[in-house]
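Chemist: Take a look at the following structure, please.
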Amino acid sequence: MSKFTKEMVEDYAEKLLIKLTDEENKMVLEEFDYIDDTINLINNIPNIDKVEPMTHALDDFECSLREDEAGESVPIEDLLSNADFTDGREIEVVKVVG
Amino acid sequence: MSYMDKSLKEIHEALKSNEVTSEELIKESLAKSHEIEDKCNAFVTILDDAKNEVSSDDILAGIPFGVKDNYSTKGVLSTGSSNTLCDYVPFYTATAVENLKKRGAVMVNKTAMDEFGMGGTGTTAHTGIIKNPWDLRRTCAGSSSGSAAAVASGVYPYALGSDTGDSIRKPAAYCGIVGYKPTYGMISRYGLFAFASSLDHCGVLTRSVMDAAIVVDRMKGIDPNDMTSWDSKDIHLEEAVSKELMAKKICYIKELVNIDNYPNASEELKSHLENFQKTLEICKKMGLEVEEVSVDKTLLDALASVYVVISCAEATSNLSNMTGIIFGKRGSGDKWDEMMMDHRTKGFSPLIKRRFVIGSYVLQKENQERYFKNAQRVRRLLVDAWKNIYEKYDAVILPVGLGPAPMLDGKVEMIHQGTEALDEHLQIGNFGGFPSITIPNGFVNDLPVGVNITGNCYNDELVINLAAHLESMMDYKGQIAKEVEHE
């Protein structure tokens, strides 16, 4: 019996602000089951918990900070050009607060 | 007389000797673009007004090229092949594209892809299914499907791709061309739509190793806008192509290549593995020592899930800015969350939505340790296994995929399909940021198949050099797709 349920999948989809059809929900459940089985393989690797998780492709990556210098600005018209609803220099949205 | 089916050096020489003009090259490339669009559905945008705007003596000057649609291109529609961005026009150009354009390279089209790079079949683009020019019933693989189809069809000598799991290198194999992603960070990712930032690489698809070297030499470089880019000024790929063979000893992975591991192998897989053995014999003739090494099968069996967990988690986060508010088509609804939900539900394809849910699940606090962190741990074990190999060997050589391009059978791409490690091993190149190149190494059932060479980080010159030497021993350099006859 799967530990994943239709309701769980609906809840995660809701948090992501997406809706799934019943068919899509069923497919996610099948995929969850497959991933869970493979993760069980991983959990059986001896001392897996002692391995440092690898978060980046290069281990010798050096992060250096740039000088704090003002760069070029993007014209406001360019920034707004892809928004469907604008008002002057601002993007128009529905009322969020109050 | 056609030029777009020739190498960069040949086209450059023709331009220099006034045998042809850039305008004529652009015209030829645009005409071919429309022809291939009708046949393969390879493009999102064809730039019919493309012009040669930069005066330069560079080898790329005046020569057309294609750009995958997940690279931002100022003033040119850039959709990532997603309905969420079906009308998005960026106000800046990706550094990798800019580096080519400032040398006079002429962008003539934006190529179609699996939506946002998430997919390996070329079936999820909002403009429809991308078809393989060798056999229109077959997939190009993905996600750089349109770039592969276009280069293989002779639309131009090269097109840009991106590679998060194998998205340059597998389409290259299925289309009979070269696909190269250099070491992580050698090419700036600034302006590339982020899918999974710790795995995303820029790269190129060409018809020869030399052309890949020439293009990447010009795409690469440290970029203040990408903190993960690094200074590669001492790496000269074009020069590396012409040097004596730099590698001495290479290996392949027993668990992936041994036919006995596949009791139900198809005839195509058998032929593919036999063909790979022939390629190994060629390597030996070149003077290389070729050995078989063993890798823990548990790690290889976990490969597909490790990739899915990490890439879905990163994608869920990266694409949370797709709201339809500041860009993208505004969704309908009376409240902000209804508008966003409408935009995201209608805009994303079912495959992406499912991947987001998986990504969100593995990132939940209570699930992180079991799924996300453990996947990252196995990522390290796999990368360490490959780094151990590189202490003794110059490169790993392996076949790409399970044979030639599969049929477009209408099946929905699910994550438990095609999870043979042989079909997935290129992802290790992304886990470790390794330089990795696919070149064509023959035919199975009249369709092209490929072989991959992956080396240690920063050893791009060696990888390119080895690929060029192997390419010179075979007959598949510069090939243009010829549609196969079928009943």
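Chemist: From the list B:Glu461, B:Glu420, pick out the single residue that is among the charged types (D, E, K, R) and closer than 27 Å to B:Val309 by Cβ.
Modeler: Of the residues listed, the single one that is among the charged types (D, E, K, R) and closer than 27 Å to B:Val309 by Cβ is B:Glu420.
Chemist: Within segment B:195-241, work out how many residues are closer than 25 Å to B:Glu115 by Cβ and more than 14 Å from every other protein chain (Cβ to nearest Cβ).
Modeler: 4
Chemist: Can you tell me which residues in segment B:224-269 are of a type in the set (D, E, K, R) and assigned to a loop (DSSP other than H, G, I, E, B)?
Modeler: B:Asp231, B:Lys233, B:Asp234, B:Lys243, B:Glu244, B:Lys248
Chemist: Further, regarding this structure: Restricting to segment B:172-189, and then to whatever is among the hydroxyl-bearing types (Ser, Thr, Tyr) and more than 13 Å from chain A (Cβ to nearest Cβ), can you tell me which residue is nearest to the chain's Cα centre (by Cα)?
Modeler: B:Tyr180
Chemist: Taking segment B:274-300, which residues are under 18 Å from B:Ile259 (Cβ atoms), within 14 Å of chain A (Cβ to nearest Cβ) and not in a loop (DSSP other than H, G, I, E, B)?
Modeler: B:Lys297, B:Leu300
Chemist: Counting only residues that are in contact with a helix residue (DSSP H, G or I) (Cβ under 8 Å, 6 or more places away or on another chain), facing chain B (nearest Cβ under 7 Å) and not in a loop (DSSP other than H, G, I, E, B), which one in segment A:44-98 is nearest to B:Leu85 (Cα to Cα)?
Modeler: Once the filter is applied, the top-ranked residue is A:Ile91.
Chemist: So how many residues does segment B:327-347 have that are out of contact with any Leu (no Cβ under 8 Å at 6 or more places or on another chain), outside any helix (DSSP H, G or I) and more than 17 Å from A:Lys95 (Cβ to Cβ)?
Modeler: So the count comes out to 1.
Chemist: Which condition number does B:Lys249 fail, the rest of (1) closer than 17 Å to B:Ser436 by Cα; (2) under 25 Å from the mean Cα position of the chain (by Cα) being met?
Modeler: Evaluating B:Lys249 over (1) closer than 17 Å to B:Ser436 by Cα; (2) under 25 Å from the mean Cα position of the chain (by Cα) leaves (2) as the failure.
Chemist: In the list B:Gly122, B:Gly104, which residue meets the criterion of being part of a loop (DSSP other than H, G, I, E, B), without any contact (Cβ under 8 Å) to a residue 60 or more places away in the chain and under 17 Å from the mean Cα position of the chain (by Cα)?
Modeler: B:Gly122
Chemist: Still on this structure, please answer the following. State the number of residues belonging to segment B:263-277 that are closer than 21 Å to B:Asp475 by Cα, in contact (Cβ under 8 Å) with a residue 60 or more places away in the chain and not aliphatic (A, V, I, L, M).
Modeler: Residues in segment B:263-277 being closer than 21 Å to B:Asp475 by Cα, in contact (Cβ under 8 Å) with a residue 60 or more places away in the chain and not aliphatic (A, V, I, L, M): 5 in total.
Chemist: List the residue pairs whose Cβ atoms are under 6 Å apart, where the first residue sits in segment B:240-254 and is closer than 14 Å to B:Leu280 by Cβ, the second is surrounded by 15 or more Cβ atoms within 10 Å (Cβ to Cβ) and among the acidic types (Asp, Glu), and the two are 6 or more positions apart or on different chains.
Modeler: Cβ pairs passing all conditions: B:Ala247/B:Asp394; B:Lys249/B:Asp394; B:Ile250/B:Asp394.
Chemist: Can we say B:Ile214 is part of a loop (DSSP other than H, G, I, E, B), in contact with a helix residue (DSSP H, G or I) (Cβ under 6 Å, 6 or more places away or on another chain) and crowded, with 19+ Cβ neighbours inside 10 Å?
Modeler: The answer is no for B:Ile214.
Chemist: Next question. Confirm whether B:Leu60 is in a helix (DSSP H, G or I) and farther than 23 Å from B:Thr123 by Cα.
Modeler: So B:Leu60 does not fit the description; no.
Chemist: Residues to consider are B:Val306, B:Val378, B:Val357; find the one that is part of a helix (DSSP H, G or I), hydrophobic (A, V, I, L, M, F, W, C), closer than 24 Å to A:Asp33 by Cβ and more than 7 Å from chain A (Cβ to nearest Cβ).
Modeler: Unique residue meeting the criteria: B:Val306.
Chemist: Another question, if that's okay. Specify the residue that is surrounded by the fewest Cβ atoms within 10 Å (Cβ to Cβ); the eligible residues are those in segment B:164-201 that are touching a Gly at 6+ places or on another chain (Cβ under 8 Å) and assigned to a strand (DSSP E or B).
Modeler: Step by step, filter segment B:164-201, then rank; the result is B:His201.
Chemist: Could I ask something else about it? Quick one: which of B:Asn465, B:Asn430, B:Asn456, B:Asn441 is crowded, with 20+ Cβ neighbours inside 10 Å, over 16 Å from the mean Cα position of the chain (by Cα) and within 14 Å of chain A (Cβ to nearest Cβ)?
Modeler: B:Asn456
Chemist: Could you grab me the full set of residues in segment B:2-46 that are out of contact with any helix residue (DSSP H, G or I) (no Cβ under 8 Å at 6 or more places or on another chain), in contact (Cβ under 8 Å) with a residue 12 or more places away in the chain and among the aliphatic types (A, V, I, L, M)?
Modeler: Residues satisfying the conditions are B:Ile26, B:Leu30.
Chemist: Consider A:Asp36 against the criteria (1) at the interface with chain B (Cβ under 7 Å from one of its Cβ atoms); (2) of a type in the set (Asp, Glu); (3) surrounded by 15 or more Cβ atoms within 10 Å (Cβ to Cβ): it satisfies all of them except one. Which criterion is unmet?
Modeler: All conditions pass for A:Asp36, except number (1).
Chemist: Report, by residue number, each residue of segment B:340-351 that is facing chain A (nearest Cβ under 7 Å) and more than 29 Å from the chain's Cα centre (by Cα).
Modeler: Result: B:Met340, B:Met341.
Chemist: Return the residues of segment B:309-330 that are buried (at least 23 other Cβ atoms within 10 Å of the Cβ), more than 8 Å from chain A (Cβ to nearest Cβ) and over 17 Å from B:Ser78 (Cα atoms); say none if nothing qualifies.
Modeler: Result: B:Ile310, B:Ser311, B:Cys312, B:Ala313, B:Ala315.
Chemist: Assuming A:Ser2 fulfils every condition listed in (1) part of a loop (DSSP other than H, G, I, E, B); (2) polar (S, T, N, Q); (3) facing chain B (nearest Cβ under 7 Å) apart from one, which condition is it?
Modeler: That leaves (3) as the condition not met.
Chemist: Restricting attention to segment B:86-100, which residues are crowded, with 21+ Cβ neighbours inside 10 Å, out of contact with any helix residue (DSSP H, G or I) (no Cβ under 8 Å at 6 or more places or on another chain) and either β-branched (Val, Ile, Thr) or not in a loop (DSSP other than H, G, I, E, B) (or both)?
Modeler: B:Thr95, B:Val97, listed by residue number.
Chemist: Kindly indicate whether any position in segment B:127-147 is in contact with a Pro (Cβ under 6 Å, 6 or more places away or on another chain), in contact (Cβ under 8 Å) with a residue 12 or more places away in the chain and over 23 Å from B:Pro350 (Cα atoms).
Modeler: No; the residues of segment B:127-147 include none that is in contact with a Pro (Cβ under 6 Å, 6 or more places away or on another chain), in contact (Cβ under 8 Å) with a residue 12 or more places away in the chain and over 23 Å from B:Pro350 (Cα atoms).
Chemist: State yes or no: is B:Pro448 of a type outside the set (Val, Ile, Thr), assigned to a loop (DSSP other than H, G, I, E, B) and closer than 22 Å to B:Thr123 by Cα?
Modeler: Taking the combined requirement at face value, the residue does not satisfy it.
Chemist: Check off (1) under 20 Å from the mean Cα position of the chain (by Cα); (2) assigned to a helix (DSSP H, G or I); (3) closer than 29 Å to B:Thr298 by Cβ for A:Glu10 and give me the number that stays unchecked.
Modeler: The one condition A:Glu10 does not meet is (3).
We did not get these values from a lab; they are worked out from the coordinates using the rules stated. No experiment lies behind these values; they were computed from the predicted model shown. So basically every Cβ, Gly included, is an ideal-geometry build from the backbone, and we count neighbours across all protein chains shown.
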